[in-house]
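Read the structure below first, then the notes.
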Amino acid sequence: MVAAVSEAAPTPGAVHLGDVVSFSQSEETALEAPDDAILEASDLATESRYPVSMADVRSEVLGRLASADAGSGVDIALIDTGVTPVPGLDGDDKLVHGPDLSAEAEIPELAHLDTHGHGTFMAGIIAGDGQGFQGIAPGARVVSVKVAGAGGETHVAQIIAAIDWVIEHRNDAGLDIRVLNLSLGVDTTADYVDDPLSAAVERAWDAGIVVVVAAGNDGTDDGQLDSPAHDPYVIAVGATESERADSDRDDLVADWSSRGDGVRNPDIVAPGRSLVSLRVPGSSSDLAHPAAAVGDRYARASGTSQAAAVVSGSVAALLAERPYLNPDQVKAAFQFGAADLVEGETADGWGRVRGDWARRRTGRVVRERDALVQDHPRALIDSTATGISRPAGATWSGGTWSGATWSGGTWSGATWSGATWSGATWSGATWSGATWSGATWSGGTWSGGTWSGATWSGVTWSGGTWSGGTWS
């Protein structure tokens with residue numbers, strides 16, 4: 001599932017910026033395609049729970065908060081495989097393309113588009129709206145930052161760069177990015193305080209962006225959540241399933257949804273089995289999983305990726321009505337408003353997401369604002385393992401990454417909200433092939449440690465996936 005590009009021997013439980021994170025699907029969570037798999041979404045059989053239409057999911061998780069303009073005015077950043085403007089995601093009011101950080105950026109006919117299928121599927125769940133299909137927050141807008149192509153592989157450094165771009169441009173050119181969806185994960189035994197990806201999501205949280213992350217699809221086999229879901233600041237999302245179409249009261253935590261270790265567990269859970277969303281015909285996932293097709297426009301897939309997208313849309317719906325809430329307050333509102341499914345918190349955290357119940361709790365979270373401030377140890381600050389503090393000096397400014405060079409090309413031709421990112425560049429050293437070749441971030445150090453040499457040599461991200469679950 002993950003191809004390590006470091007030539008040195010791996011060190012378990014550590015991370016390396018040059019390693020590959022993959023969008024590969026998990027065979028362990030495969031579901032058999034039911035007889036009614038090839039149906040238009042509007043004709044899904046009522047007697048069978050699966051596949052599940054987004055109309056049912058939206059009603060289940062938002063309750064009275066559900067509306068045709070839920071999420072209006074809120075932008076949701078999606079760092080993924082790109083988004084293709086298929087019906088339901090077309091139009092400037094629905095989709096904005098940020099920079100393409102993938103290898104396909106230099107191919108004009110592929111830049112920004114989703115040749116894999118994962119990102120478009122997530123975008124449809126979050127905010128799709130058109131031709132009879134609606135996601136959780138149809139009034140919201142998706143800001144897509146593409147980090148991987150058809151093969152579904154990317155590097156941790158590219159994800160971090162994408163997160164930093166979102167932070168830097170969250171309010172640019174009429175944007176109002178309040179939510180960041182990361183339907184991805186890296187299987188690691190490292191503590192979050194030693195994890196550079198955790199440091200990146202904490203920077204986004206500090207900037208006022210609610211970060212929603214897939215918990216992982218390892219079930220009970222692995223006690224720890226994937227990175228960066230293991231960071232306690234973010235909203236980590238597990239997945240539920242239900243056997244009855246006419247009720248959500250029999251929801252169960254899916255066997256393949258990561259449970260946590262009793263210390264860091266999912267914060268909440270959301271529907272994640274066999275959800276129907278928008279399909280990219282001819283994409284690599286579409287070709288690899290033909291049984292997942294639901295008519296001509298849709299596909300169905302399972303995983304905590306899907307559950308995270310459901311929660312991201314739910315957060316946008318809440319923020320559209322309560323824009324004054326900060327990330328800690330949003331997280332608390334969803335925790336306090338969750339519907340408890342399982343005794344204890346290891347499997348389902350606080351319970352299944354309920355947007356309308358979260359809205360009812362906003363008065364409480366405002367009154368208790370000071371008490372709800374998260375004060376966990378910070379990632380990469382006073383880290384005993386690395387000696388690294390915060391990254392310093394790495395910022396996007398006017399489309400340029402601190403004015404240095406990206407070896408092998410620029411972002412020429414890529415567009416974002418009508419503006420061209422001509423000559424947008426990287427900083428430090430070079431990106432050489434599959435390795436982070438002696439690379440430094442803006443001046444050679446991240447406040448006390450380098451990304452190269454003895455500190456990060458020979459350590460790997462093991463078992464990384466995009467928490468996509470299955471296309472079934």
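If each of Asp206 and Leu287 carries a label point 7 Å out from its Cα toward its Cβ, how far apart are those two points in nm?
The two pseudo-label positions are separated by 4.4 nm.
May I ask you to order 224-234, 129-139 by the average number of other C-beta atoms within 10 Å around their residues, highest value first?
224-234, 129-139
Around Ala309, under 13 Å between beta carbons, what's the net of Lys plus Arg minus Asp minus Glu among the other residues?
Overall, the nearby charge balance is 0.
Work out the length of the dipole vector of the stretch 116-180 about its Cα centre, built from +1 on the beta-carbon of each Lys and Arg and -1 on the beta-carbon of each Asp and Glu, and round it to the nearest 20 debye.
For the stretch 116-180, the charge dipole is close to 120 debye.
The stretch 43-163: D in µm²/s via Stokes-Einstein (Kirkwood Rh, Cα pairs, 37 °C, 0.692 mPa s)?
219 µm²/s
Coordinate-derived values only; no laboratory data. What you see is a predicted model, and the numbers here were worked out from it, not measured in a lab. Glycine also receives a Cβ, built like all others from the backbone with ideal geometry; neighbour counts cover every protein chain displayed.
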